[in-house]
Amino acid sequence: RTAEEYEAYKKSLSYQLKNKIIPGILVGIVTLLVMWGIFNFTKNCIYKPLKANKLYKQGYALLEADEYPQSEMKFEEAVSYRINKKWFFNYARGYRSHRQYQRAGSMYERILKYYKHDKTAGLEYADMELNNLANYKRAEEIVRREVLDYHINDSDGILMLGDIFLEWGTEKE
């Protein structure tokens, strides 16, 4: 090609598409994808865990101040950001220590539901029903259905079931 032909070719649509428009679109798409990835990483791995942890702490402070409905509201708000097993146990134990057994029971049930029949939650829940509420039938049901059905021949579950039967058998009405 001559210089004039090359200059005319540079002004043509095919040259513009190959050398300017398509590469510009590709760079723009890649930039948008990278920005979207950074945004989602920041939102899911930084913002949500920090916000949830802050709300869990605020709710637990309310629990310690005997403001149970507000504590539950903060807990629910925190769960909407991120579910955290440690905080479920903290709240269940906190409610139990404050003799809020119905709230503690609902926390233990949620742990069992969200964490596929967690053994520790089942044993603590059964212990609460046995020792704090003297509800032997419910304690036996929890150990059988939530612990031993999913952790077959678990020694801790079998021992807890034996303890329930001993307490139930020696109960004086």
Å² per residue, accessible surface of the chain at 1.4 Å: 65
If one computes the Cα centroid of segment 94-111 and of segment 151-173, what distance in Å separates the two points? 21
Please compute the length gained on full extension between Thr120 and Ile22, using 0.36 nm multiplied by the number of residues separating them and subtracting their Cα-Cα distance. 29.4 nm
Relative contact order, percent, the chain [alpha-carbon distance under 8 Å, six or more residues apart]: 11
Just to make sure I understand: if all protein chains stay in place, what is the order of Arg138, Arg1 by accessible area at 1.4 Å, largest first? Arg1, Arg138
Taking protein heavy atoms only, a 1.4 Å probe, and rounding to whole percent, the accessible area of segment 99-155 owed to carbon and sulfur comes out at 41
I need the GluC sites (Glu not before Pro) found in segment 76-155, filtered to DSSP loop residues with at most 11 other beta carbons within 10 Å of theirs. none
Any helix of the chain counts here only if DSSP assigns it H throughout, its Cα atoms span 15 Å or more along the axis, and its mean Kyte-Doolittle hydropathy is at least 0.0, and such helices are 22-42, 155-169
For Phe39 and Glu171, compute 0.36 nm times the residue count separating them, minus their Cα-Cα distance, and round to one decimal in nm. 41.5 nm
Over 20 Å (Cα to Cα) among Lys57/Lys113; Lys54/Lys85; Lys48/Lys85; Lys51/Lys113; Lys54/Lys74 -> Lys57/Lys113; Lys51/Lys113
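The values are calculated or read from the model by the stated rules, or taken from the named source; none is laboratory data. Note that this is a predicted model, so its numbers are computed, not measured. When we count neighbours, we look across all protein chains shown, and the Cβ atoms used for this are built from the backbone with ideal geometry, even at glycine. With ligands, DNA and RNA removed, areas are computed over all heavy atoms of the protein, side chains included. Shrake-Rupley method; radii C 1.70, N 1.55, O 1.52, S 1.80 Å.
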